[in-house]
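Just below is one structure, and these are the notes that go with it.
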Amino acid sequence: MRFDVLTLFPEIFPGYMSQSILNKSIQNGIVEIHIHNMRDWTTDKHNKIDDRPFGGGPGMILAVEPVVRCVRDVRAMDDDPGVVMMMTPSGQRLCQPLVEDFATHHRRMILLCGRYEGFDQRVIDILKPIEVSIGDYILNGGEVAAMVMIDSLVRMVPGVLGDELSSWDDSFSRGNRMLEYPQYTRPREFEGHNVPEVLLGGNHSAIEKWRLQESLERTKIRRSDLLPEPNNESATAETPNTKSET
Ligand code: 6GU
């Protein structure tokens, strides 16, 4: 999987990319991440990439010309032109099924990171990017969102995680729409807080049943929106993977 990140703040990324799982995958050649400074595609002597909005208003707008030229040049750097994605709070909201969809259908992704008040609309009209938001809040720029995208996507690439099956079976993935059950490790007791007895007994079917029950209970309390509505025919296909009697 190859990512090309287009940003005005390339220095944000190296720390993130040196994190162990990602760094190993980059060293192995399973993942490639190329960071490009959009300012390198400006043509005027002051390397000006933004300008005031027509019609007035606050902030600055990223200009169409350098951004479009940058995307075209970067696309040509690989045989696979890839898909262009724009990180913007106006985009479709990222969720695990969308991550899985992207991981299944795209080998190369070009991630456009906005700053200021956003891109000139013609960048969108010309390049027709997939516009992606990571949630209903506003960030100072698309860089953190691009890292979220990369982080969620690389987990889907075979060989990136130790256990390949695990990433496609996490909370929120297609096969599982429930929150994770609580986990414990040693010691068995800490400041009066004990590990649940069932986990210490070695009865695997009892452990599985307890975990399922905990997942269901947590999901009901915290994220009932993930559960199918009772009497909703269309939701039955997405019934959580549960043998529970509730
Ligand atoms: Cl992708 N960008 C910005 N600037 N803010 C966001 C976002 C993206 N997703 C949620 N908020």
(request) Please name all residue pairs, on different chains or six or more residues apart, with Cβ atoms under 6 Å, provided the first residue is in the range 129-141 and is on the phi > 0 side of the Ramachandran plot and touching a residue at least 60 places away in the same chain (Cβ under 8 Å) and the second residue is within 6 Å of the ligand (Cβ to nearest atom) and open to solvent by 70 Å² or more (accessible area, probe 1.4 Å). (result) none
(request) Say whether the condition of being in a helix (DSSP H, G or I) and open to solvent by less than 70 Å² (accessible area, probe 1.4 Å) is met by at least one residue in the range 43-50. (result) no
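Looking at the structure I just gave you, is Arg218 more than 16 Å from the ligand (Cβ to nearest atom), of a type in the set (Lys, Arg) and either surrounded by 18 or more Cβ atoms within 10 Å (Cβ to Cβ) or assigned to a strand (DSSP E or B) (or both)?
Taking the combined requirement at face value, the residue does not satisfy it.
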(request) Those residues that are assigned to a helix (DSSP H, G or I), more than 12 Å from the ligand (Cβ to nearest atom) and touching a Phe, Trp or Tyr at 6+ places or on another chain (Cβ under 8 Å), I need them from the range 105-150; list them, please. (result) Ile150
(request) Mind telling me which of the residues Gln92, Gln27, Gln19 ends up being under 24 Å from the mean Cα position of the chain (by Cα) and farther than 27 Å from Asp136 by Cβ? (result) Gln27
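Among the candidates Pro97, Pro66, which residue alone is in contact with a Ser or Thr (Cβ under 7 Å, 6 or more places away or on another chain), assigned to a helix (DSSP H, G or I) and open to solvent by less than 50 Å² (accessible area, probe 1.4 Å)?
Within the list Pro97, Pro66, the selection yields Pro66.
The values are calculated or read from the model by the stated rules, or taken from the named source; none is laboratory data. As the structure is a computational prediction, the values presented were derived from the model and not from experiment. We place every Cβ from the backbone using ideal geometry, glycine too, and count neighbours over all the protein chains shown. Surface areas here come from the heavy atoms of the whole protein model, side chains and all, with no ligands, DNA or RNA. Shrake-Rupley method; radii C 1.70, N 1.55, O 1.52, S 1.80 Å.
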